[in-house]
């Protein structure tokens with residue numbers, strides 16, 4: 001599995017599709033994105049991470065930076081998203097952080 005993370009609107013999906021030579025249809029068939037949203041309602045993060053790791057590409061938006069929310073529920077959702085990202089990075093063969101459309105390979109090597 002390739003795990004791609006980075007800020008909102010950083011070009012994560014465009015980058016990985018170009019790097020793998022995928023079309024949008026190919027990504028829809030083999031990848032999943034916006035997984036940080038799934039962490040909020042997931043009962044067990046390791047089980048969710050295992051299920052997501054079955055995809056070829058998993059994309060998550062970093063939501064842990066910036067101003068800490070006042071609302072306790074938003075803080076909890078943000079922490080769960082960060083914990084899910086850590087678990088996905090552990091399971092991934094390749095981890096890439098994309099910021100401003102520029103990739104930084106943190107783990108492994110793209111095929």
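We did not get these values from a lab; they are worked out from the coordinates using the rules stated. Computed from a predicted model, the values in this text were never measured in an experiment.
The figures follow:
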{"item": "The chain - mean residue ellipticity at 222 nm from DSSP helices (-39,500 (n - 2.57) per run, n ≥ 4, rounded to 500)", "result": "-13000 deg cm²/dmol"}
{"item": "25 °C / 0.890 mPa s Stokes-Einstein diffusion coefficient of the chain, Kirkwood radius on C-alpha pairs, µm²/s", "result": "174 µm²/s"}
{"item": "Tilt relative to the chain, helix 72-91 - C-alpha long axis, 0 to 90 degrees, to 10", "result": "30 degrees"}
{"item": "Relative contact order (%) - criterion: Cα under 8 Å, at least six apart; region: the stretch 2-107", "result": "42 percent"}
